[in-house]
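See structure below.
Please treat every number below as a calculation from the coordinates, not as lab data. For clarity, every value in this text was computed on a predicted model and none was experimentally measured. Note: ideal-geometry Cβ built from the backbone for every residue, glycine included; neighbour counts use all protein chains shown.
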C-alpha cells in the first residue's frame, strides 16, 4: 500500500447518481472505502488498457513477420514458427 501522504493524489470525479448509489452499496457490503473501490477499478482499467495495447503491438508484429520476407529468411533454417 502507499506509505506516505505524498504518494497519494486527491482527485474529484462526477458520477451519475445511480452509479454513486451502487458504489455506496458495494462499499458497505465489502467494508471498503470509496477511495479503495475507485483505486481498484482504475488499476484494473489501466491493466486492461496496457494488455490491449500489447495485444495490438503483437498483432502488428505478427503481421509484419508474415509479410516481410527479410524477417522470415532464416525461419526454414531454425524451424521457428513465430506467428
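Taken together, the residues in the range 23-51 that are out of contact with any helix residue (DSSP H, G or I) (no Cβ under 9 Å at 6 or more places or on another chain) and either exposed (fewer than 11 other Cβ atoms within 10 Å of the Cβ) or not in a helix (DSSP H, G or I) (or both) amount to 13.
Does residue 61 meet the test of being surrounded by 12 or more Cβ atoms within 10 Å (Cβ to Cβ) and either farther than 19 Å from residue 8 by Cβ or in contact with a strand residue (DSSP E or B) (Cβ under 9 Å, 6 or more places away or on another chain) (or both)? Yes, satisfied.
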